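Written out below as C-alpha cells is the structure these notes cover.
The values are calculated or read from the model by the stated rules, or taken from the named source; none is laboratory data. Predicted, not measured: the structure shown is a model, and the values here were computed from it. Please note: Cβ atoms are built from the backbone with ideal geometry, for glycine as well, and neighbour counts cover all protein chains shown. The accessibility values were calculated without ligands, DNA or RNA, using every heavy atom of the protein model including side chains. Shrake-Rupley method; radii C 1.70, N 1.55, O 1.52, S 1.80 Å.
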Amino acid sequence: MIVGNRMTKEPITVEPEDLSIRAAHKMQAGGFRRLPVVSDGKLVGIVSDRDLREHRGHLEQVKINGIMRERPVTVTAATTIEEAAQIMLERQIGGLPVVADGRLVGIITASDIMRAFLDVMGASRGGSTRIDFVLEGEEHGFTEATRIVAREGGEVLGVGTYREKLGDNPVCYLRLLTGNPDTIAKALRSSGFTVLGVHKIGG
C-alpha cells in the first residue's frame, strides 16, 4: 500500500505572504491541524495549529512566512504507508506533504494511515470478529486453520500475522465476517491450536 492511494489530493494551502489569520480560518473551517505553504505551486513550508497558538493575539499582523516551518519533511506518492508511519512516529508529526519534483501533490495524515491500517486488518467493517492463534508447524498453521473455519461455516474477511516479541512463534489473526466465533475458536482448540483470544469489532 502506497501513500498515493491514501493521501488527500489537492489539499487546502496557504501562501507565504498570507496573514496568519487566514491560515487560522482555513484550519477552523476544514478541521485541519496543518496546512502546506506553497509559492507558485512549489512547497516552501508548513504551518500547524501549534505554530498559530504560539502567535495568538498577533495573527492579523504576522505573515505565514514569519511562523511557518521551512523545508518540512516530505514523502512521495510512491512512498509506502509503513515508511510514512515510521517517519511520523520518529519525528512526532501528524502529517506529511506529498511532493513530486518539488510540487505539492497531496498530504498524508496520521488519520489516513490509521484508516489504511484498519483496512489492512479487515477491521474497517463493523460486525467482524478477530481470532488470534499461534502458528506452530504445518498441523497448526494457516491452511489447517482456514479449513476448520470453513468447516464451521465461517467466512474469512482478512488475515495477517504479528509477533509479540522477537523470537516468539508468530501469531496469526483471522478476521471473520460470518460464522460463530466462539464455536470456531472451540473447534480450533479441539484441533490443538493455541487460541489467544476472540475479539469483536463493532456491531
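Couple of notes before you dig in:
- On the stretch given as segment 159-175, residues that are at pLDDT below 90 and touching a Leu at 6+ places or on another chain (Cβ under 8 Å) total 4.
- The helices (runs of 4 or more DSSP H) falling completely within segment 49-161 that include 1 or more residues that are over 21 Å from the mean Cα position of the chain (by Cα) and surrounded by 13 or more Cβ atoms within 10 Å (Cβ to Cβ) map to 49-53, 142-151.
- Some residue of segment 175-194 being assigned to a loop (DSSP other than H, G, I, E, B) and under 21 Å from the mean Cα position of the chain (by Cα): no
- If the condition is being open to solvent by 30 Å² or more (accessible area, probe 1.4 Å), touching a helix residue (DSSP H, G or I) at 6+ places or on another chain (Cβ under 9 Å) and either of a type in the set (G, A, S) or in contact (Cβ under 8 Å) with a residue 24 or more places away in the chain (or both), then segment 26-38 contributes R33, R34.
- Near pairs, Cβ below 9 angstrom, 6+ apart or cross-chain, from segment 55-80 (under 30 Å from G4 (Cβ atoms) and among the basic types (K, R)) to any residue that is open to solvent by less than 60 Å² (accessible area, probe 1.4 Å) and at pLDDT 95 or above: R69/V37; R69/G45; R69/I46; R69/V47; R71/V44; R71/G45
- The set of residues in segment 162-186 being hydrophobic (A, V, I, L, M, F, W, C) and crowded, with 18+ Cβ neighbours inside 10 Å consists of C172, L174, L176, I184, A185.
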